[in-house]
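Here the structure comes first, spelled out in structure tokens, and everything after it is commentary.
No value in this document is a laboratory result; all are computed from the given coordinates. As the structure is a prediction and not an experimental result, all values here were calculated from the model. Virtual Cβ from ideal backbone geometry, glycine too; neighbours counted across all protein chains shown.
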Amino acid sequence: MSEQAAFWVVILVLAGGTFLLRSLPLWLQGRTPAPRWLERLLRHVPAAALTALVVTSLYTKTGGAYVVAPARILAAVAALLVAVRTRNVIWTLVTGMAVLWMAQGVLGVLSG
Amino acid sequence: MSRTTGSMLAGARDVSPIIVGIIPFGLVAGAAVTSAGFGLAEVIGMSLLVNAGASQIAATTLYAEGAPLLVVIGTALVINARLFIYSTSIAPVIMPEAGAWRALLGHPLVDQSYAVTMTTGRYRDDINVIPYYVGSWLVLALVWQFSNIVGALGGAFVPASWSLDFAVPLVFLAMLVPALKFRADVEAAIATAIAAALLVPVMPMQTGLIAAIVIGMVWGSARHHEHPAVEVDA
């Protein structure tokens with residue numbers, strides 16, 4: 001198999017598998033009534049998923065290892081405070097990026 | 001303007017702050033494919049058909065490192081396993097409007113379209129939720145495709161030190177806060193945060209992310225049982 005053909009196999013199998021992961025629950029929805037415990041579990045998916053994605057972003061990956069990024073933690077804390085106070089996406093975004101850049105600058109000077 | 005068009009535009013507008021964070025990510029994904037020795041057809045094919053950024057970058061990088069095809073595909077699918085949880089969670093929200101073709105509505109399911117639909121779209125009574133969800137994805141897919149192509153042609157020229165990728169979790173944070181309505185939601189988020197901080201660095205192939213989500217769901221569900229409707233005032 002040529003390199004190109006092999007890579008297309010990866011693309012197509014990955015696409016098919018990902019489509020199944022995304023679509024099976026939608027397709028099955030409503031065929032059997034969802035049990036109460038499942039409904040209770042699913043209530044918390046948005047909060048849990050968003051939290052997990054945010055916390056993961058506080059690490060940077062260097063050479064396969066996760067390293068805590070202090071500047072990102074400071075930025076996320078500042079953004080969280082703004083999000084709680086303002087409930088405004090743009091202000092949260094602007095504050096987080098501004099604090100991140102400042103913290104990266106200061107930490108860079110301190111360590112370098 | 002029809003209600004469908006209006007709903008699509010509303011979804012696109014609500015998700016748009018996240019775009020600035022998608023671009024550097026797309027540049028990296030596109031540049032990874034060309035630096036692995038492939039061309040625009042593979043770049044476009046992959047981002048259209050797979051449509052899931054983290055798994056695209058992982059698959060391309062592993063392939064370029066010479067990993068066996070099973071490992072390449074298996075790792076990328078494990079990374080995408082969270083989409084199964086999203087699909088189970090969003091199904092009751094879009095189900096009432098969906099017809100026989102609803103399985104196709106799985107394809108637009110990405111972190112960002114899920115987040116905006118579940119935290120914002122489903123509470124708006126001026127829109128229909130399916131076109132809102134699809135509209136949010138269309139703008140993401142357009143930017144994703146475009147930045148993949150630019151990355152393939154020009155390399156990932158946005159310096160990583162700008163950290164523009166951090167815009168994505170910042171917008172997620174802004175979407176998260178209003179979703180924390182009850183004490184059980186806050187506790188679910190805290191449990192998830194602790195679990196993610198501990199597990200993500202040590203578990204392979206982003207399985208720590210999924211484990212943290214499941215731990216948060218179980219914790220929140222157990223606490224919800226004890227305190228069904230204690231509201232938080234933030």
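Derived scalar couplings between HN and Hα for the stretch B:206-212 equal 6, 5, x, 4, 5, 4, 5 Hz in order, rounded to whole Hz, by the Karplus curve 6.51 cos²θ - 1.76 cosθ + 1.60 (θ = phi - 60°), x for Gly and Pro.
In this Cβ point-charge picture (+1 for Lys and Arg, -1 for Asp and Glu), the stretch B:3-167 has a dipole of about 240 debye about its Cα centre.
Magnitude of the charge dipole for chain A, about its Cα centre and with charges confined to Cβ atoms of Lys, Arg (+1) and Asp, Glu (-1), is about 480 debye.
Backbone N atoms of the stretch A:22-61 closer than 13 Å to the 7 Å Cα→Cβ label point of A:LEU107 belong to residues A:57-61. I want the local charge near B:ALA174. Using Cβ-Cβ distances under 13 Å, sum +1 for each Lys or Arg and -1 for each Asp or Glu among the other residues. Combined, the nearby Lys, Arg, Asp and Glu give +1. Which net charge results when you count Lys and Arg as +1 and Asp and Glu as -1 among the other residues whose beta-carbon is under 13 Å from that of A:ALA52? That works out to 0.
The distance separating the Cα centre of the stretch B:95-171 from that of the stretch A:53-112 comes to 22 Å.
Taking loop as defined by DSSP and a crowding limit of 14 other beta carbons within 10 Å, which trypsin sites (Lys or Arg not before Pro) in the stretch B:167-225 fit?
Values: sites: B:LYS181, B:ARG183, B:ARG223; in loops: B:LYS181.
Here the sparse-neighbourhood loop sites are B:LYS181.
So how much slack lies between A:GLU39 and A:ARG87, counting 0.36 nm per residue of separation and subtracting their Cα-Cα distance, in nm? Don't skip to the answer; put the middle values down first.
Working: separation 48, 0.36 × 48 = 17.28 nm, distance 2.72 nm.
Computed gain between A:GLU39 and A:ARG87 is 14.6 nm.
Considering only B:ILE94, A:MET1, B:VAL139, the residue lying farthest towards the positive end of the dipole of the protein assembly as shown is B:ILE94, judged by Cα position with unit charges set on Cβ.
Could you please report the charge total around A:ILE90, scoring K, R as +1 and D, E as -1 over all other residues with beta-carbon less than 15 angstrom from its beta-carbon?
Combined, the nearby Lys, Arg, Asp and Glu give +2.
Along the axis of the charge dipole computed for the protein assembly as shown (Cβ charges of +1 for Lys and Arg, -1 for Asp and Glu, origin at the Cα centre), the listed residues B:ALA160, B:GLY11, B:GLY39 are led at the positive end by B:GLY11.
Per DSSP H run of at least 4 residues, take -39500 (n - 2.57); add these up for chain A, divide by its residues and hand me the 222 nm value, nearest 500 deg cm²/dmol. Walk me through the numbers on the way to the answer.
On the way: 5 runs with 86 residues, N = 112.
Taken over chain A, the calculation gives -26000 deg cm²/dmol.
Under the criterion of Cα pairs below 8 Å and six or more residues apart, the relative contact order for chain A equals 15 percent.
Which of the chymotrypsin sites (Phe, Trp or Tyr not before Pro) found in the stretch A:38-95 are loop residues per DSSP with 12 or fewer other Cβ atoms within 10 Å of their Cβ? Numbers along the way, then the final one.
Numbers: sites: A:TYR59, A:TYR66, A:TRP91; in loops: none.
Passing both the DSSP loop test and the Cβ count: no residue.
Counting only Cβ charges, +1 for Lys and Arg and -1 for Asp and Glu, the dipole size of the stretch B:110-234 around its Cα centre is about 160 debye. Considering only B:ALA152, B:ALA189, B:ALA197, the Gaussian network model of chain B with Cα springs below 10 Å gives its largest mean-square fluctuation to B:ALA197. Across the stretch B:3-167, the relative contact order, built from alpha-carbon pairs under 8 Å that are at least six residues apart, equals 50 percent.
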